[in-house]
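Here's the structure, in C-alpha cells; my notes come after.
All of the numbers you see were taken from the coordinates with simple rules; none came from a lab. Remember, predicted model here, so these are calculated numbers, not experimental data. Every residue, glycine as well, gets a Cβ built from its backbone with ideal geometry; the counts of neighbours run over all protein chains shown.
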Amino acid sequence: MGLLSKKDAKLITDPLADNNPITIQVLGICSALAITAQLKASIVMAVSVMFVLGIGNVVISLMRNIIPSKIRIIVQLVVVAALVIIVDQVLKAFSYELSKTLSVFVGLIITNCIIMGRFEAFALGNGPWKSFLDGIGNALGYGIILIIVGFFRELLGSGTLLGFKVLGDPIEKTGLYAIGYENNGFMLLSPMALIVVGIIIWVQRSRNKALIED
Amino acid sequence: MSLKNKLHVLKEKYKSTKYAPAFNALHTFLYLPNETTHGGTHVKAADDLKRTMNTVIMAMIPCLIFGMFNAGYQHNLAVGEIQAVSSGFFSSEFWTLANFAIGFWKILPLVIVSYGVGLGIEFLFAIIKKHEVEEGYLVTGMLVPLIVPIDIPLWMLAVAVAFGVVIGKEVFGGTGMNILNPALTIRAFLFFAYPTWMSGDKVWVESAVERTNEIAAGANLDAISGETILGSLAQGKEFAFSVSDMFLGFIPGSVGETSTLLILLGGLFLIFTKIGSWRIMLSSALGAIVMGLIFNQVVDAGIIAEGSKFYGLMNTPFWHHLLIGGFAFGTVFMATDPVTASQTNKGKWIYGFLIGFISILIRVFNPAYPEGVMLAILLMNVFAPTIDHYVVQGNVKKRMKRLKAKVA
C-alpha cells in the first residue's frame, strides 16, 4: 500500500479504538446522548462531524502560521461555524425531516469538544495532509460509537433499523411481537445512551487492560 | 459420612478450581466453614452478612404470604366470585385456599425468576472476577417480586433483574459498593422500559390483561380492572376502599406492598433486631406527613380549585399517604438499605425526611409517576454520600472550634 505511510495510517486507526474520542477521551458525549435514538440520525451526525472536522482541520492547518495565537480560539470558532452552517443548510435543503429530528444538535456541532480539541491539539502543529487524516480518523472514531449506540437504541427501543421493522410489527403482532416481545421504552430515553456508552467503555477496557487509568 | 463432612471433602477438591467461589457460596449457606483462625484477637459475632440478609427476608415473609392471598382475593373479587371482606383482618372471604392457590402459582414464578437470574449473574461475576459470591442479592431477590405488579411478564422481569444487578451493582464492584438500591433500580427499569405493564388499571389484578385480550378476540366475558388508589386519585376518580382496607391491605397494588399492618410488623422486627434504622423509618414518615399537611393546607386555603388535576391527591388527608401506595414498604425495607442510605445518625434523619417529603411531592405533582417513593429513594440514594460528607465536616468544624476555645 503506497497510499498511506505507516505513520499516517496510524492517524486514522488510532482514534477508532485505543484513542477513541468518546470512550477514551470522553469528549463529544453530549451529542452521543442526544441524537442516537435512531440509527439514521446517528449516521448523519457522524458524516456531518466528519465533514466539519476533516475540512476544518485542513483549513486550520493551512492557516496555522498566520493565526496570532492570542485570538486563535476565535479564528477556530469562525471556521467551525462556517462549516456547520454549510452542513445545516445542506441538510435543510435535501433532507428536511432529518434536519428537524436533529434540530439544534447540528448547530451544536460547533460546541463539540472533539472538534476544538483536534484543532488545538493537532491541526495547529501539523501539515494539512496529516491534519486531514487526523480529522477523518477522529470523526470515524466518534461516528463508530454513535452508530453502535444508535444501532442498539433503535433496535431495542423501537424494534426498527433505519426505519425498517426488523423485529416484526408491534401493532399487528407479527414476528417477535407475536410471542409477547415488547419494545423497551427506556432505550429511547437519553440515560440509556449513557449506559450503552458505559458498557462499550467497560467492554473495551476489559479487553485491553492497558487502557485502564487508576 | 455426614453431609457436612462430605462438603468439606468436596471443598478441598474444588479449592484450586475457578468454581471455588460458587461452591463456597452454597457451602457456607448450609454450614459454617471448618477452618479456624489462629493467633491474634478476634471479634466473635453471629451476625454475618448472610444472617443479616436472612433477618430482612424473614421480616418480608408475612408480606409475601399476604400478597399471595391478596392476589387471589383481588382476582376473585373482580370476577365476582366472592364478596368484599367484611370482618377485619381475619375475614373468612380473604383467607381461603382458593385465593391462596391463584396467588401462589402466580407469585412463585416471579420469585424463582428473580432469584434464578439474579443469583446466576452473581455466581457468574464471582467466577469471572475470582472473588467469593456475595450475599447481597438475597434481599434484593425477595424484594423484587414484592414490588412488581402481579401480571408482569416473566421475561421482562428477567431482563430487568439482569440490568439491575449488572448496571446497578456489579459495575460498581458488587455488594456493598452500589450507589443505588438494586431492587429499585430493577423496578425503575421496568417502569421506564415497559410503562404499560407498570401502571394503569389492568396490571394490578391477576389475569386482567389476558381477559382484555380475550374480550378483544370476541370472548363473552366481563372486563375486569383494578386501579390502585393512587391511580384513582391522580385521575380524580372515586374508589371503593375504606381506611381499614388500606391499612390491612385489601387493595390492589404491587404484590407485597399493600398491607401497611404487616409492613409495620416487619419494620418493628427490623428495629428490634437492630438491622433496620428506626431513624430513617421515622423521619420518612415525618417528611411525608409534613408534605401532606402542606398540601392539605393549600387546599384548605382555597389556592387550588376543585377542577385542578392536582386536587384529588392534594385533598387526600395527609395520613392516608402513609397507608396507600408503596410508601410504607419503600421506607421500611428499601430506604433503610444500609449500603445506599446515609451512614451518620444526623444524616439518616435528613435522608429519611427528604425521602418522605419528595415522595409525596412526586405523587401529587406528577400523576404520570404515581409511585413517588421509588424515585424519591433513588434520588436520595444518590445524595446520601453528600449528606454524610457535610454531617462529618460539620462535626469536624464543631470539634475544631471546641479545641481552639480550650487552647485559647
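A few remarks follow.
- Selected from A:Y181, B:P21, B:I107, residue furthest toward positive end of dipole (the protein assembly as shown; charges at beta carbon): B:P21
- Net charge in the neighbourhood of A:T160 (other residues with Cβ under 15 Å of its Cβ; Lys, Arg +1, Asp, Glu -1) is -1.
- Among B:M380, B:M400, B:M198, the ranking by other beta carbons within 10 Å of each residue's beta carbon, starting with the fewest, stands as B:M400, B:M198, B:M380.
- Karplus-based coupling profile of region A:190-207, in residue order and whole Hz: 4, x, 5, 4, 4, 5, 5, 4, x, 5, 4, 4, 4, 4, 4, 6, 7, 7, with θ = phi - 60° in 6.51 cos²θ - 1.76 cosθ + 1.60 and x standing for Gly or Pro.
- Listed by chain and number, the aspartates and glutamates whose C-alpha is less than 18 Å from the C-alpha of A:K6, apart from same-chain residues fewer than 8 away, are A:D14, A:D18, A:D134.
- For region A:155-167, the Karplus equation 6.51 cos²θ - 1.76 cosθ + 1.60, evaluated at θ = phi - 60°, returns couplings of 5, 7, x, 10, x, 10, 9, 6, x, 7, 7, 6, 9 Hz by residue, with Gly and Pro reported as x.
- Computed from label points 7 Å out along Cα-Cβ, the spacing between B:Q297 and A:I85 is 5.6 nm.
- Look at the dipole of chain B built from charges on Cβ: of B:V364, B:F250, B:M177, the Cα furthest out on the positive end belongs to B:M177.
- In the elastic network of chain B, a GNM with C-alpha springs shorter than 10 Å, the most mobile of B:H38, B:H320, B:H131 is B:H38.
- Where a label projected 7 Å from the Cα of A:A17 along Cα→Cβ would reach, residues of region A:194-214 with amide N under 14 Å: A:203-211
- Cross-link pairs exceeding 29 Å between alpha carbons, from the set B:K274/B:K404; B:K6/B:K129; B:K50/B:K398; B:K11/B:K106: B:K274/B:K404; B:K50/B:K398; B:K11/B:K106.
- Cα centroid separation, region B:283-326 to region A:1-65 (Å): 53 Å
- Cα→Cβ-extended label distance, 7 Å offset, between B:Q235 and B:F272, nm: 4.1 nm
- Each Lys or Arg adds one and each Asp or Glu takes one away; over the other residues whose Cβ falls under 15 Å from the Cβ of B:Y19, this sums to +3.
- Computed [θ] at 222 nm, helices only, for chain A once each DSSP H run of length n ≥ 4 contributes -39500 (n - 2.57): -20000 deg cm²/dmol
- Residues in region B:328-361 that a label on B:N395 would reach, taking backbone N under 11 Å of a point 7 Å out along Cα→Cβ: B:343-348
- ³J(HN,Hα), Karplus 6.51/-1.76/1.60, whole Hz, each residue of region A:63-71, x for Gly, Pro: 8, 4, 8, 10, 7, x, 5, 5, 10
- Kyte-Doolittle mean at least 0.0, axial Cα span of 27 Å or more - DSSP H helices of chain B: B:49-78, B:97-129, B:278-300, B:345-365, B:372-407
- Annotation: amide H-H contacts under 5 Å for A:L161 (H modelled 1.01 Å from N, sequence separation of 5 or more, or interchain): A:V166.
- Cβ-based net charge around A:L140, under 15 Å, with every Lys or Arg adding one and every Asp or Glu removing one: -2
- With at most 10 other Cβ atoms within 10 Å, longest stretch of chain A clear of loop GluC sites (Glu not before Pro) (DSSP): A:1-171
- Estimated from helical segments only, the mean residue ellipticity of chain B at 222 nm is -20000 deg cm²/dmol, where each DSSP H run of four or more residues counts as -39500 (n - 2.57).
- Fully extended contour minus Cα-Cα distance, from B:H131 to B:L30, at 0.36 nm per residue: 34.4 nm
- If R0 is taken as 30 Å, the Cβ-Cβ distance between A:V203 and A:S5 corresponds to a FRET efficiency of 0.45.
- Restricting region B:260-358 to chymotrypsin sites (Phe, Trp or Tyr not before Pro) that sit in a DSSP loop and have at most 16 other Cβ atoms within 10 Å of their own Cβ leaves B:W319.
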